Structure formats: C-alpha cells, structure tokens
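See below for the structure under consideration.
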Amino acid sequence: MRIVAHTIVRNESRWVWYAIKSVLDYVDEVMVWDTGSTDNTARIIKSIGNPKISFRQIDITSDETALSHARQQMLNQTNSDWLMILDGDEVWLEESIKKIQGFINNEGQNFDSIVVPTLNCVGDIYHIMPPSAGQYHIAGHVGHYNLRFINLKRISGVHVANPPGQLQSYFDKHGTRIQDRDPNHIAFIDAPYLHMTHLRRSGSREKEMEVFWRQPKLKTELGIRLASSFSFPKCFYFPRPEIVSSPWERRNLLYTLNAAWQTPLKYIKRRIFKQAPYSP
C-alpha cells in the first residue's frame, strides 16, 4: 500500500533532518511544507536531496486556523492509501517504522487508523517523561500515545478542522474525529518513536520563540533515563551536513540542577491533582 507522510514545519532546524531520514526508506513520499522558517530549516530539508521529498515553502499567519488550512491543502494534493502524520520533531526507531510498514501491507485494509506510543524526551535524548505524565486519551487508552496513520481508502471524506475551543484534528465526512471512530478499527501497535516536543527544536532560543505554539511545550524535569541497551534511531549515526546539529548533546549542569528541585514538585502535583485525560 502507498504511504505518504505529511510534515509541516517552522523553525525545526535541530530535528527535521533526522525526522525525515528516519522514515524515507519506509514511505513512498514525504510532503514537507515550510510555513515561514527563519532558521536553517529549509536549507536542511533541501540538503537531503531525495526524490521522495516534495518540498514547498508557504507563508501563513501564526495561528491554529491557518495551520489547519495548510494541512487541508496538503490532504487535497495527496494520492495515497495511507496518510502518515510526521512532525519535524518526531524521529522514528527503525524497528518501529518497519513494524508499521509491515502491518499496513499485511493487515492495514482492516483498520481505520494506527496509534503508537511516544517516548517524550526531556532535557536530552537520553531521558524521557515518566508514564505518569501521559495524559492523552485515545479509544480507552491513557498515556503517551499519538494517532499517526490514517487509512484514506477506508475512511470517506477525511478532512482537517479546528472547531471552536478545540485543537486541529482529522475528521471523517460525518464530522467524527478519526480517533473517536469505532475503537475496534483503531490499531494500537507497540512501535514507539522519539518525540522531541519538550526539547529546543530550533538552533536558538530567539528562533524558538518565533513559533507561537512552541514555548508552553518546553519542560525542565529529570525524567527517566533510557536503558544503556536502548537502540537509538539509525539516522542518528548517519553522516550529516555541518548545518545539522548533533543529536548527542547532553543537558548541562544548570538544567539538571533546576530539574532536580522542580521534578519532585511536579510529581506530587500529578499525584494529587490528576489532570483530566486529554484527547489529542
């Protein structure tokens, strides 16, 4: 089955190279639209030079509605069996993306969508947020999960919208969010990816602050250290252009000291004031 990835970026110079490289061998096309980056994001994407990448630069206003319109335009131009949602800060483990590709080719015709767990890095790539911090609620599951694949052939009228008071989502022709459809047709697959949402995603703090939705996601927390046997994404070991940052940078002492006193307070807060599950 044909798989097309959609990637919308703005000032994603730290991770976008790795995000794209991590899936290139397992999808048929990566549509990448840059919405006005002022760092090296566009230059980095162009440096990959792979015919599977269709790159476009657009200029949109910095709000949720404009992003929804851009995603809808991408959807209108997509000819595919399956849609993969790939953000510029999501780097896939080779074992995980292989598993997804195999599942889609062998069993995908029976499912509407695929949900996977996420490993949300905090401080650096060696530490992740604890399970207790996961508040996403999808088809009866609560934790660090994300819907990342949609069967465009099985679901009619897939479109993007952000109703008043809600974040943008994908809906079917009846106005039902994809993750709210029959849970029997949502595949939960143990195929995690590294999500850098809590790390800096541009080359500087100034460029980071230009992205309106970015700042609230940055976190200072100790997290859980990944096991020494953990297999990092294969693309982390690829030769890379000089303009691409190393993924191996460790958090500094100041970060660790701040995280050391903040983490216990956040843990207590999660235990006492449990948040209502959030449905992305």
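The values are calculated or read from the model by the stated rules, or taken from the named source; none is laboratory data. Fair warning: this is a prediction, and the values are worked out from it, not measured in the lab. Heads up, the Cβs are rebuilt from the backbone with ideal geometry, glycines too, and the neighbour counts pull from every protein chain shown.
Observations, loosely collected:
- Taking first residues from segment 147-176 that are at positive phi and partners that are surrounded by fewer than 16 Cβ atoms within 10 Å (Cβ to Cβ), the Cβ contacts under 6 Å between residues at least 6 apart in sequence or on separate chains come to Gly157/Lys173.
- Breaking point among (1) surrounded by fewer than 18 Cβ atoms within 10 Å (Cβ to Cβ); (2) part of a loop (DSSP other than H, G, I, E, B), for Val142: (2)
- Residue match in segment 186-194 (condition: surrounded by 16 or more Cβ atoms within 10 Å (Cβ to Cβ), on the phi < 0 side of the Ramachandran plot, in contact (Cβ under 8 Å) with a residue 40 or more places away in the chain and in contact with a Cys (Cβ under 8 Å, 6 or more places away or on another chain)): yes
- Scanning segment 120-139 for residues being within 20 Å of Gln179 (Cα to Cα) and either in a strand (DSSP E or B) or hydrophobic (A, V, I, L, M, F, W, C) (or both) gives a total of 4.
Results for (1) within 29 Å of Trp248 (Cα to Cα); (2) touching a Lys or Arg at 6+ places or on another chain (Cβ under 8 Å); (3) polar (S, T, N, Q), shown as yes or no for each residue.
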{"position": "Asn11", "(1), (2), (3)": "yes, yes, yes"}
{"position": "Trp15", "(1), (2), (3)": "yes, yes, no"}
{"position": "Val23", "(1), (2), (3)": "yes, no, no"}
{"position": "Val32", "(1), (2), (3)": "yes, yes, no"}
{"position": "Gly49", "(1), (2), (3)": "yes, no, no"}
{"position": "Leu75", "(1), (2), (3)": "no, no, no"}
{"position": "Ile85", "(1), (2), (3)": "yes, yes, no"}
{"position": "Lys98", "(1), (2), (3)": "yes, no, no"}
{"position": "Ile104", "(1), (2), (3)": "no, no, no"}
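- Residues that are closer than 17 Å to Val9 by Cβ, under 20 Å from the mean Cα position of the chain (by Cα) and at pLDDT 95 or above, drawn from segment 213-242: Cys235
- Close contacts from segment 67-87, counting a first residue that is touching a residue at least 24 places away in the same chain (Cβ under 8 Å) and a second that is surrounded by fewer than 17 Cβ atoms within 10 Å (Cβ to Cβ) and aromatic (Phe, Trp, Tyr), with Cβ to Cβ under 9 Å and a gap of 6+ residues or different chains, come to Leu67/Trp213.
- Test: residue in segment 198-212 that is in contact with a helix residue (DSSP H, G or I) (Cβ under 9 Å, 6 or more places away or on another chain), modelled with pLDDT of 95 or more, over 20 Å from Pro130 (Cβ atoms) and assigned to a helix (DSSP H, G or I): no
- Listed by position, the strands (runs of 3 or more DSSP E) contained in segment 6-109 that have at least 3 residues being modelled with pLDDT of 95 or more and buried (at least 21 other Cβ atoms within 10 Å of the Cβ) are 29-34, 82-85, 90-92.
- Complete set of residues in segment 159-194 that are under 19 Å from the mean Cα position of the chain (by Cα), modelled with pLDDT of 95 or more and more than 23 Å from Thr78 (Cα to Cα): Phe188, Ile189, Asp190, Ala191, Pro192, Tyr193, Leu194
- The set of residues in segment 156-186 being touching an Asp or Glu at 6+ places or on another chain (Cβ under 7 Å) and among the hydroxyl-bearing types (Ser, Thr, Tyr) consists of Ser156 alone.
- Residue check: Asn162 meets all listed conditions (1) crowded, with 19+ Cβ neighbours inside 10 Å; (2) under 23 Å from Val9 (Cα atoms) but one, namely (1).
- Of the residues making up segment 136-146, one or more are under 16 Å from the mean Cα position of the chain (by Cα), under 24 Å from Ser54 (Cβ atoms) and not β-branched (Val, Ile, Thr).
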